[in-house]
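What follows is one structure encoded as structure tokens, with my remarks underneath.
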Amino acid sequence: MQPFIGGLKYLVYILFVIALAYNTFPLALGLNRDKRNSHILNVLLAIVFGFIQAAMYKVGALLGETFMHLFEDHNQFAVFAILLAVSVRMIIEAFKIRHGERLFSFDNYVKFVMMTVAAGINTLIVGMTYNYLNLFGMFTPAALLAAGFAWSIAGISMNLTRVNILLSSFIQLISAVIILSIGIVYLFSNHWF
């Protein structure tokens, strides 16, 4: 029974990381709005998407170390509130994606980096819970880099069609539900599995 529970725990961890890194997908899908880049440039852009997800998580973890100790006695409420806020933000973004409002074309790389950092805000916010919601320990940024890269490659590879925009919106909603569900589990169990 223990191996099953351990396997289930890591499956939930992986789903959480995949859901959290999803914010890169709509931006990557928007890269196909105006033109197609070379394959090498697309891979480099996807690496940047993944790297910024990992960096934002690390910055959030460092930020969380400065003040999250204040919530030591009520950490389950603080973690739940943070995951709830991220989930609500993702739900709002899902409706924006549905209307095509969150798909950007990038006319220069400064705008690209700024939008990629903006897409990592959820990751930064969740990173603040690192002391309580510790997924893969020091390997969490690497997992986010991989998930952000994978979502970016998937988005860059798809054509910008109405069906893909609706699919992106739907997956954003699923990601929000996954993050909220894990927040609820943490709230009522007062620990992370």
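For this structure, a couple of remarks:
- Among residues of region 49-84, those that are under 26 Å from Ala154 (Cβ atoms) and out of contact with any helix residue (DSSP H, G or I) (no Cβ under 7 Å at 6 or more places or on another chain), counted: 1
- Any hit, region 166-184, residues being closer than 25 Å to Val48 by Cβ and in contact with an Asp or Glu (Cβ under 7 Å, 6 or more places away or on another chain): yes
- Helices (runs of 4 or more DSSP H) (entirely within region 105-167) containing at least 3 residues that are at pLDDT 80 or above and surrounded by fewer than 20 Cβ atoms within 10 Å (Cβ to Cβ): 109-119, 140-157
- Taking residues in region 96-115 that are within 22 Å of Phe51 (Cβ to Cβ), and partners anywhere that are modelled with pLDDT of 75 or more and part of a loop (DSSP other than H, G, I, E, B), the pairs with Cβ atoms closer than 8 Å and at least 6 places apart or on different chains are Leu103/Leu160.
- From the options Leu11, Leu45, Leu27, Leu15, residue that is surrounded by fewer than 16 Cβ atoms within 10 Å (Cβ to Cβ) and part of a helix (DSSP H, G or I): Leu11
- Cross-chain or 6+ apart pairs with Cβ under 6 Å, region 40-55 first and within 17 Å of Ala143 (Cβ to Cβ), then buried (at least 23 other Cβ atoms within 10 Å of the Cβ) and β-branched (Val, Ile, Thr): Phe49/Thr24; Phe49/Thr116; Ile52/Thr116; Gln53/Thr123
The values are calculated or read from the model by the stated rules, or taken from the named source; none is laboratory data. In this text, all values refer to a predicted model and were calculated from it rather than measured experimentally. Note that we place each Cβ from the backbone using ideal geometry, even for glycine, and neighbour counts take in every protein chain shown.
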